[in-house]
1. Taking 0.36 nm per intervening residue step and subtracting the Cα-Cα distance, what contour gain separates L7 from V63 on full extension?
2. Taking H as built 1.01 Å from N, whose amide H comes closer than 5 Å to the amide H of Y64, not counting residues under 5 places away?
3. Under the rule of -39500 (n - 2.57) per DSSP H run of 4 or more residues, summed and divided by the residues of the chain, what mean residue ellipticity at 222 nm is obtained, to the nearest 500 deg cm²/dmol?
4. Can you tell me the dipole magnitude for the chain around its Cα centre, using point charges on the Cβ only (Lys, Arg +1; Asp, Glu -1), in Debye to the nearest 20?
5. Once amide H atoms are placed 1.01 Å from N in the peptide plane, what residues at a sequence separation of 5 or more from V43, or on another chain, have their amide H within under 5 Å of its amide H?
6. Please list, in order along segment 7-14, the HN-Hα scalar couplings obtained from phi with the Karplus expression 6.51 cos²θ - 1.76 cosθ + 1.60 (θ = phi - 60°), rounded to whole Hz, x for Gly and Pro.
7. Within 10 Å of each residue's Cβ, count the other Cβ atoms and sort M42, M1 from fewest upward.
Amino acid sequence: MKYLLLLSLVGYVVWRWREGQAGRSASAPPPNPEPPPQTIEMVACVYCGVHLPVLQALTARGVYFCSPAHQKAHGA
Ligand SMILES: [Zn+2]
């Protein structure tokens, strides 16, 4: 009878522990599906100094320009 009481107590503790584990995992925040933001390399127009993404910049002889007008004005 003593062992039956001890066994039921252990069973109760294990049951409570498993309930706690399930509750903790359910309350965990969901994983973020969004990818981290990409870093875009910025360059400065050599003529006016405005910064713009490298993919939008015009390049000539290793320098960057924000527009064809500034490229022409710089003499490139
Ligand atoms: Zn410019």
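1. Extra length from L7 to V63 when fully extended: 12.2 nm.
2. For Y64, whose amide H was placed from the backbone, the distant partners under 5 Å are V46.
3. Counting only the DSSP helices, I get -14000 deg cm²/dmol.
4. Approximately 300 debye in magnitude.
5. For V43, the qualifying residues are L52, V54.
6. 5, 5, 5, 5, x, 5, 5, 5
7. With the sparsest Cβ surroundings first, the list reads M1, M42.
Here, each number is a calculation from the coordinates, and none is a lab measurement. In this text the structure is predicted, and so the values were computed from the model without any measurement. Neighbour counts run over all protein chains shown; Cβ positions are idealised from the backbone, glycine included.
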